[in-house]
Amino acid sequence: MKRNKKERQSLLKETIEAKPFITDEALAKSFDVSIQTIRLDRMELNIPELRERIKSVATNNWNETVKALPIDEVIGEIIDLELDKRAISIMDITAEHVFSRNKIARGHHLFAQANSLAVAVINDELALTTNADIKFTRQVVQGERVIAKARVVGSEKNNRTVVEVLSYVDNETVFSGVFEMFRSTQEKEGNES
């Protein structure tokens, strides 16, 4: 259904507010217009390009720093972090992540994104994966963006924390994992440190 410019721009603004990490390509497909039309609409609405939106979200939400590993060792780009509670990262699947013959992402890249996010969310100098129950639910291909969301779901005795990670492409689950993480200190009540 073709919309007039005013309707399209109004819906475009709502869509980007709801999904700030949506690509111009996905928007063009959704609105059945060219990528150039989306870019022009964004410029008229003063909506920055995707990379700038990601930086803005990260700057606005980044109150804490990763303790368990250097930030450059996290696979994907962390865009939100609340230690011992939740974290979000994004990873664009490029040629380096896929099998050359079929452009399907290698599973170890999706696992690495999820596992490093599970480590990053732990508020401790040392966090190690002791166990992982993982499931790949659909193939991911070159050009897709994977958004991984980690959530601390519980603590156990012996300095263990359980982290659930769900990875999505366009709101469709592509990977799920429950990671049991060892930490060098026991998590304090109320997640205080």
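Read-outs: derived from the displayed coordinates by stated rules, not from any lab. This one's a predicted model, so the numbers in the text were calculated from it and none came from an experiment. Using ideal geometry, Cβ is built from the backbone for each residue, glycine included, and neighbour counts are taken over all protein chains shown.
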Problem - Net length gained if the chain between Ser184 and Lys149 were fully extended (0.36 nm per residue, minus Cα distance) - result: 10.3 nm
Fill in the blank from the handout: Amide H contacts under 5 Å for Phe175, restricted to residues at least 5 apart in sequence or on another chain and with H modeled in the peptide plane, are Thr137, Ser167
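Given the -39500 (n - 2.57) contribution per DSSP H run of 4+ residues, what per-residue ellipticity at 222 nm results for the chain, rounded to the nearest 500 deg cm²/dmol?
Rounded to the nearest 500, it is -9000 deg cm²/dmol.
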Exercise for the section: Using 0.36 nm per residue of separation minus the Cα-Cα distance, give me the extension gain between Ile35 and Glu96 in nm, one decimal. Expected result: 19.5 nm
Problem - Against the rule of thumb 2.2 N^0.38 Å, how large the Cα Rg of the range 63-191 comes out - result: 1.04
Fill in the blank from the handout: Both in Å, the radius of gyration and Dmax of the C-alpha trace of the range 5-56 are 9.8, 28
Problem - FRET efficiency, Lys5 to Glu73 (Cβ-Cβ, R0 45 Å, nearest 0.05) - result: 0.50
Exercise for the section: Note down the magnitude of the dipole of the range 5-56 about its Cα centre, charges +1 on Lys and Arg C-beta and -1 on Asp and Glu C-beta and zero elsewhere, to the nearest 20 debye. Expected result: 80 debye
